[in-house]
Structures are given as structure tokens and as C-alpha cells.
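Please read the structure below before turning to the comments.
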Amino acid sequence: MPADLSPIDRAKYAASRRAVDFVEDGMRVGLGTGSTAAWMVRCLAERVKAEGLKLQCVPTSTRTAELGRELGLNIVTLEEAGWLDLTIDGADEFDPELSLVKGGGGALLQEKIVATASDRMIVITDAAKEVKHLGAFPLPVEVIPFGWQASRTLIAELIGGSDVMGHEITLRMNGDQPFRTDENNFILDLHLGRIGNPRELSLLLNQIAGVVENGLFLDICDTVIVGYGDGRVELHDMAGREVGDEPVPGNVFTDGDL
């Protein structure tokens, strides 16, 4: 990769480096999915190589599993690990209550299963993901392909009567074909603008036939680590913020790592 990281990559790297400091020898660790989580996987692999940590790592997608194996991490299934000490993942949005919108990378189902099977969840992100109210980022809803149009109609009826600003629903595409999750499902993106009652919306969405899961992560995240382009990090939890510094070298990985 280029010697000089972009400001956004420096922010992601700083948050990732701080997050993997919470990993201890012998832990069972959930590995998130997405561009920020990929930095975390690389940072974790660096620690494992340098310190000889013995870990069991449970990925939340096939692409995270592939990256982890390439970097020498001990990749296992959730069934093999049983229960996790810690999951580290990214987010598309977070609010002051540490509620999240996730699923921009299309792995929300496995991400939520792994996160809820963990004693602790740490989210890594950049400052642009902090919002006062969730909803600016489209809310992903995973649906089974059979009857997905009927599921979409029911979702439209639900959000039509909900405390949201927007009502557009789009089928996520991959080129000219519907995007498929690792479970071979579709994703509907709900362009809501603002979600007035995330808890109610999440509950009602999951009662619709055909809906597998939605991207609202409520009462799951324990800590959010926000990285900045100058190398600073902020730790957010329900008790407040802790500010620290994480020096970022100009050339972290080789060209093949990305």
C-alpha cells in the first residue's frame, strides 16, 4: 500500500490498534466484517505474530475468515468456540446510547449472532459515524428470497406508520443481480432519515414473515472506539469518554495486505 495513509485509513487504523489492546492471551474473539474491521484483523494478526498469543477467532463472514486465515489467525466456528470473550466490529452509525446501525457490508446476521454470543462488544469507527439519532444510514433488513416482495410490502406498511422521516425501500444489488448474503438471502435497505423509536422498530420488523434480521444493534455494544486522522482515539461508553493517542506509522502493511 502507499507509504502515506489517507486520513480515513489513519483513523481506522488508530481505532483498530487501540481495540486489539483489549485482547488477551487465551481469548475467544469475534472478528467483524467491513473495511474498518479488516484493519482490526490485520492489527490483531500483528499482535499474534509479535507476542505469540493463543486465540480462537470466530469470523462474521467468509471474507473475514479468508483474511484471517491468510494472516495466520486461528479461525474457528462459533460452534467450536462455544462462547466468546470479546467481539470487535465496525458500525455504520452509533448514537449516544451506543445503539448501532450495522449491515452496510452485508453481514448483519452473522455479526449480530456473534456479538450477542460475546461477553463484550467493542465497536471501532471514525468520527463521521457518530450521530444524534440513528437513521441517516439506510437500515439493512435481511429477508429470504422467497416472497421478498411480500415482505417488502409489509415492511412498507410498518414504516408508513412509524416515527421515521423517510419511507423509501431499495433492494440491494450486486451489479444487475440482487446482492446475496453468506446465507444466500437478500437485503432491503430502508432509507428512513431518522428513527424515532429504534427499539420498537426493531421488534416489529422481526415479526414480519420473511424477515431474518435487521441492522439495529441495541443493548449489545459496550464500548465504541473512535479514531481520528491525526492518530487520536476516543473511547465512548455509557459512563463518558476517555481520550488517548495512538501513533500511526506511515507504512503499516505491505502492498499485498490490501
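Observations on the structure shown:
- Between 0 and 90°, nearest 10: helix 148-160 axis offset from the chain longest Cα axis: 80
- Scattering profile of region 139-212 at q = 0.22 Å⁻¹ [log10 I(q)/I(0), Debye over alpha-carbon scatterers]: -0.96
- Largest GNM mean-square fluctuation across VAL233, VAL101, VAL212, computed for the chain with C-alpha springs under 10 Å, falls on VAL212.
- Of all accessible heavy-atom area on the chain, the percent that carbon and sulfur account for (1.4 Å): 49
- Around the amide H of ALA91, modelled in the peptide plane, lie the amide H atoms of ILE124, all under 5 Å away and 5 or more residues distant in sequence or on another chain.
- Within the listed set THR87, THR33, THR181, the residue fluctuating most in the Gaussian network model of the chain (springs between alpha-carbon atoms under 10 angstrom) is THR181.
- Look at (i) 159; (ii) 141; (iii) 129: the one that is volume of the Cα convex hull per residue in Å³ derived from this structure is (iii).
- Candidate residues TYR228, TYR13: accessible-area rank, largest first, probe 1.4 Å: TYR228, TYR13
- Ellipticity at 222 nm from helices only: DSSP H runs of n ≥ 4 in the chain, each -39500 (n - 2.57), divided by the residue count, give -8500 deg cm²/dmol.
- The residues of region 139-212 expose on average 51 square angstrom of accessible surface per residue, using a 1.4 Å probe on protein heavy atoms.
- In nm, spacing of pseudo-spin labels at ALA127 and ARG199 (7 Å Cα→C-beta vector): 3.1
- Taking N as its residue count, the alpha carbon Rg of region 1-127 over 2.2 N^0.38 Å: 0.98
- Separation between Cα centres of region 212-234 and region 175-199, rounded to whole Å: 19
- Given charges at beta-carbon only (K, R positive; D, E negative), |dipole| of the chain in Debye: 240
The values are calculated or read from the model by the stated rules, or taken from the named source; none is laboratory data. None of these values were measured; they are calculated from a predicted model. Because the Cβ atoms are built from the backbone with ideal geometry, glycine has one as well, and the counts that use them run over all protein chains shown. Areas reflect the complete protein model, heavy atoms only, side chains present, ligands, DNA and RNA absent. Shrake-Rupley method; radii C 1.70, N 1.55, O 1.52, S 1.80 Å.
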